[in-house]
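These notes are about the structure you will find just below.
The values are calculated or read from the model by the stated rules, or taken from the named source; none is laboratory data. None of these values were measured; they are calculated from a predicted model. Neighbour counts run over all protein chains shown; Cβ positions are idealised from the backbone, glycine included. These accessible areas exclude ligands, DNA and RNA; they are computed on the full protein's heavy atoms, side chains included. Shrake-Rupley method; radii C 1.70, N 1.55, O 1.52, S 1.80 Å.
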Amino acid sequence: MITDEFRQTLARVREAIYSSEEWSIFNSVPAGVSRRPELDAPEEYLDFLLAADGAIMGSVVILDRKFAKKSQALISPGMVEVPEDPGNWFVVGKVNENPVLANRRDGSIWTYPDMLTSWWASRRFERVADSLAEFVSEYGLGPGYLRITGSTESDQWWQLLRQLGDA
């Protein structure tokens, strides 16, 4: 659930990113859209767009409204294998090059965590969070970043999180 506290965290991270030219080159948490997009997407993702129109947090990306619409082709038949009807899924982002999907029925977040295999060939498709806000808080803005991305502690985004005290 996108709470006021979550929105404040995004604003704090946005401010930190734009305080450094180096951090703002490869990272962004843009301001949210002014009105709810007309997009066939999970409610929490639409709420996220009101807080931030996408986010690039190092190797963790939440798609902006423009790319979200285009990215749904990734779950068409013959592309990403999902355990249920492809219509039950919505691509919300990516970790490295692995798509991150929201289950439309319960809002849970799933991805292909095997960093040694291309996502389209991966046999592992796992639930990583109960909600989009939990996923962003844990893996984009929190201590799970290194684990889910396979990055090292010298990663630029990780250094920003450490400076903010979130890692």
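Of all residues in the stretch 12-46, count the ones that are over 23 Å from Trp110 (Cα atoms), open to solvent by 30 Å² or more (accessible area, probe 1.4 Å) and touching a residue at least 40 places away in the same chain (Cβ under 8 Å).
Number satisfying all stated conditions: 4.
Of the conditions (1) open to solvent by 30 Å² or more (accessible area, probe 1.4 Å); (2) modelled with pLDDT under 95, Glu138 satisfies every one except a single condition; which number is it?
(2)
Could you list, in sequence order, all residues of the stretch 96-113 that are crowded, with 16+ Cβ neighbours inside 10 Å and either part of a loop (DSSP other than H, G, I, E, B) or hydroxyl-bearing (Ser, Thr, Tyr) (or both)?
Asn96, Arg104, Gly107, Ser108, Thr111, Tyr112, Pro113
So is Ile62 open to solvent by less than 20 Å² (accessible area, probe 1.4 Å) and either over 15 Å from the mean Cα position of the chain (by Cα) or among the polar types (S, T, N, Q) (or both) or not?
no
Condition check ((1) assigned to a helix (DSSP H, G or I); (2) closer than 25 Å to Val29 by Cβ; (3) modelled with pLDDT of 90 or more) across all residues:
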position	(1), (2), (3)
Val61	no, yes, yes
Phe67	yes, yes, yes
Lys70	yes, yes, no
Leu74	yes, yes, no
Gly78	no, no, no
Glu81	no, no, no
Phe90	no, yes, yes
Lys94	no, yes, yes
